[in-house]
Amino acid sequence: MTRRAHTAQYPDVQPELPPRTRGVIGLFEENCTVCMLCARECPDWCIYIDSHKETVPPAAPGGRERSRNVLDRFAIDFSLCMYCGICIEVCPFDALFWSPEFEYAETDIQDLVHERDKLREWMWTVPEPPALDPAAEEPKEIAAARKTAEKLAAQAEQEAQETREKKEGDA
């Protein structure tokens, strides 16, 4: 009460948002397996997903054909969405993320149904996750991958050394 009021000059000056602001939901389409968990868990039923099955040929001769789901439509009706984040939390394949975008007002309420191309655009505005604690232990998956890479590099170096020795012996 003792200070003067500060008026934000929006939209001329964009506000500084916290790094993990909840704006809209971005879709990383490559990770979506059309498991429908996000649509089933949504309390507002504002997520619409359509898909079809495709047959994938066997990877090896004599193998059997597999079928996989292919995403045809992924849409979110933001006029119904209550931004609870349940869909993002239940996604087991990290296909949904919070984007800090908040300017998506429309003049017609029917235009608030955003299809997967718009959700894909918002995906690229998702900030990087915070850095890991430097004192934290390395995840076991990364440690295992590093061990395997070092082992393969050592094998390649050993083979290269043997090849050099063989060439020197022949000369």
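The values are calculated or read from the model by the stated rules, or taken from the named source; none is laboratory data. Because the structure is a prediction, the values reported are computed rather than measured. Quick reminder, even Gly has a Cβ in these numbers, built from the backbone with ideal geometry, and neighbours come from all protein chains shown. Surface areas here come from the heavy atoms of the whole protein model, side chains and all, with no ligands, DNA or RNA. Shrake-Rupley method; radii C 1.70, N 1.55, O 1.52, S 1.80 Å.
Is it the case that Val56 is surrounded by 13 or more Cβ atoms within 10 Å (Cβ to Cβ) and among the β-branched types (Val, Ile, Thr)? So Val56 does not fit the description; no. So, in segment 112-160, of the ones that are touching a strand residue (DSSP E or B) at 6+ places or on another chain (Cβ under 8 Å) and of a type in the set (A, V, I, L, M), which residue ends up surrounded by the most Cβ atoms within 10 Å (Cβ to Cβ)? The residue in question is Leu119.
Say we look at segment 12-52 and pick out the residues that are free of Cβ contacts under 8 Å to residues at least 12 places away in the same chain and in a loop (DSSP other than H, G, I, E, B); which of these is nearest to Pro129 (Cα to Cα)? Ranking the candidates gives Pro18 first. Here is the figure for segment 92-108: residues that are under 15 Å from Pro127 (Cβ atoms), part of a loop (DSSP other than H, G, I, E, B) and among the small types (Gly, Ala, Ser) total 0. If the condition is being open to solvent by 70 Å² or more (accessible area, probe 1.4 Å) and charged (D, E, K, R), then segment 73-100 contributes Arg73, Glu89, Asp94. Can you find, within segment 109-153, the residue that is modelled with the lowest pLDDT among those that are of a type in the set (Asp, Glu) and not in a loop (DSSP other than H, G, I, E, B)? Here the answer is Glu141.
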